[in-house]
1. Could you go through the range 147-160 in sequence order and give the Karplus-derived ³J(HN,Hα) for each residue, using 6.51 cos²θ - 1.76 cosθ + 1.60 with θ = phi - 60°, rounded to whole Hz, and x for Gly and Pro?
2. Can you give the accessible area per residue of the chain, in Å², using a 1.4 Å probe?
3. In Å and from the alpha-carbon atoms only, list the Rg and Dmax of the range 89-181.
4. Compute a Gaussian network model of the chain, connecting alpha carbons closer than 10 Å, and tell me which residue from Asp27, Asp66, Asp37 fluctuates the most.
5. With a 1.4 Å probe and every protein chain kept in, tell me what percent of the accessible surface of the range 44-134 is carbon plus sulfur.
6. If amide hydrogens are placed 1.01 Å from N in the peptide plane, which non-local residues have theirs closer than 5 Å to the one on Val179?
7. Using only Cα atoms, what is the ratio of the radius of gyration of the chain to 2.2 N^0.38 Å?
8. Using +1 on the beta carbon of Lys and Arg, -1 on that of Asp and Glu, and nothing else charged, what's the dipole of the range 53-181 about the Cα centre, debye to 20?
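The values are calculated or read from the model by the stated rules, or taken from the named source; none is laboratory data. These numbers were taken from a predicted model, which means no experiment stands behind them. Every residue, glycine among them, receives a Cβ derived from its backbone with ideal geometry; neighbour counts consider all protein chains shown. Remember, those area values only see protein heavy atoms, side chains included, never the ligands or the DNA or RNA. Shrake-Rupley method; radii C 1.70, N 1.55, O 1.52, S 1.80 Å.
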Amino acid sequence: QLVALVGPSGSGKTTTTYLVPRLYDVDSGAVEIDGRDVRRITLASLGRAIGVVTQETYLFHATIRDNLAVADGEASEAEMVAACRIAQLHDAIAALPAAYDTVVGENGLRMSGGERRRLAIARAILKGAPIMILDEATADLDATTANALWTALDPWLAGRTVLIIGHEAPVDVRLDRVVSL
């Protein structure tokens, strides 16, 4: 399912999603994946099963290629390009003098906020996890780029469990459910 968690700042959207990969544990009740309490699943297994694009994008002072390889060290050039095409980033990378071998700077300093966010999305795509958490995934993008991103992501998200966090539900995404916090 594709589920949007929406609400004002401070309403607990991000905190709620932190319960799924056990960055926090519940005080009562349970968070379950396929009917199984996440507290009974190893953290390593949860880490493999869940891809996260956080509000704050973390990049290494390394090349674009190296930052993508964090998700899958075995990813081929073609897989990296395909992920970046879905994330609406490939054309911008291809225009750089060193393309995928461009050093992004400390925490992506040499990239715009939208480029950093799209690189994080490409990294999550490469990971290919069956559960995706997209926290304000299009926050730094203009409407045209955000629409193109959601259109490109749509077929890739099929068959995955996806939590989309935002202040309001994205209108150009086929959501199964909207939860207001």
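1. 4, 5, 5, 4, 4, 5, 6, 3, x, 5, 6, 4, x, 10
2. Normalised by residue count, the accessible surface of the chain is 52 Å².
3. 14.2, 45
4. Among Asp27, Asp66, Asp37, the largest GNM mean-square fluctuation belongs to Asp27.
5. Its accessible area is 54 percent carbon and sulfur atoms.
6. Ala4, Leu5, Val6
7. In units of the globular-protein estimate, the chain measures up at 1.03.
8. 140
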